[in-house]
Structure formats: structure tokens, C-alpha cells
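Colleague: After the C-alpha cells below, expect a handful of questions from me.
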Amino acid sequence: GLKEAIDLLEPIRQKIGADDNDNGEAIMMSRADMWALAGNIMIEAAGGPHLEYKAGRADASDCTGQGERHVSAESTSSKRVEEVFVTQLGFSHREVVALIGAHVLGKATKAHSGYEGPWVKENDLFTNAYFVDMLHVPWHRETKTVEPFGERNIWHRFEG
């Protein structure tokens, strides 16, 4: 579900990532650098820490194989998360925890995953609320069919 953000950033990247500016000076910025910088800015704007930014990332020439390594929304296994992010992609366990913690910002959209809504109540603040919810809030699972995605596990807070 990052397509909307990527689409918003692309005109900016094309302007500053052009081969040269109006004065003929080279001002290259890769898409990867643009996305990393935008992520840092968003974290800071949401009350998170200041993150060091270093340019120099190269863009891939294509996306071959990228869709084959993701963890499905249905995954209930930490082993599957570890297999994909640590074993296949080379992340550290600490980096995986940080990546998963990004669920605190934004929300799921039905068009991309079959799910709709924020993961936490205040989804515009950089906090550890996602992990607090996962560890301390009782949840129950409902399985239902969500078109066009098929059968999905839908998790609800247990209202006991």
C-alpha cells in the first residue's frame, strides 16, 4: 500500500533528479534516496527521533522478483517473518522489529490488502502503541472471504 506515497513523490523526484537544473548543474537523486528521505521526514513529523540521512542509494533497473519475497497479510508465524526479512533479505532482527513497528503510522486500505483502518488509535504519532496492542490487548480471529483477495484472517479486539 505505498503506491499513493510513491506516486506523490515521483514528480518531485523527477524535478530534482533530472540530469541537470536550469543552470546546467547536475542534481541527481535516486528514487531510493527520495523514499528514504521522505521516510525520515515522516518519522520526525510524527514525533519520532531525528534520523541521520545519507544519500547514495542506487535504483534497481527493474522489480524482478520483488513481489515473491513478501510476507502475506495472513502470516501468523514469526518464523515466516524471520525467513523473509532475516534469511532472504539480510535484515537484522532489530531492523525487522523497527520495520514491523511502522504499522503504528498510517492504516491498511481494503484496495491493497482486504483490510481497512488504522492499526492503532493515534496513527499519526510515532509511538510503540502497535507493540503494546499486540502484546497486551486480547484479540480474536475471524476468517472470512474478502474479494478479490480470498480467505482472510480478520483480527478483532476482544470485547469480553
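Colleague: Which order do peptides 3-16, 94-107 fall in by mean Cβ count within 10 Å, highest first?
Modeller: Highest-to-lowest ranking by the protection proxy: 94-107, 3-16.
Colleague: Could you compute the net charge surrounding Ala5? Neighbours are other residues with a C-beta less than 13 Å from the C-beta of Ala5; K and R count +1, D and E count -1.
Modeller: +1
Colleague: I've got another one for you. I want the local charge near Met34. Using Cβ-Cβ distances under 14 Å, sum +1 for each Lys or Arg and -1 for each Asp or Glu among the other residues.
Modeller: Here the count lands on +1.
Colleague: In whole Hz and in residue order, list the ³J(HN,Hα) couplings for the range 101-108 that follow from phi through the Karplus curve 6.51 cos²θ - 1.76 cosθ + 1.60, θ = phi - 60°; x for Gly and Pro.
Modeller: Coupling constants for the range 101-108: x, 5, 4, 5, 9, x, 7, 7 Hz.
We did not get these values from a lab; they are worked out from the coordinates using the rules stated. None of the values given here were measured: they were computed from a predicted structure. Here the Cβ is made from the backbone with ideal geometry for all residues, glycine too, and neighbour counts use every protein chain on show.
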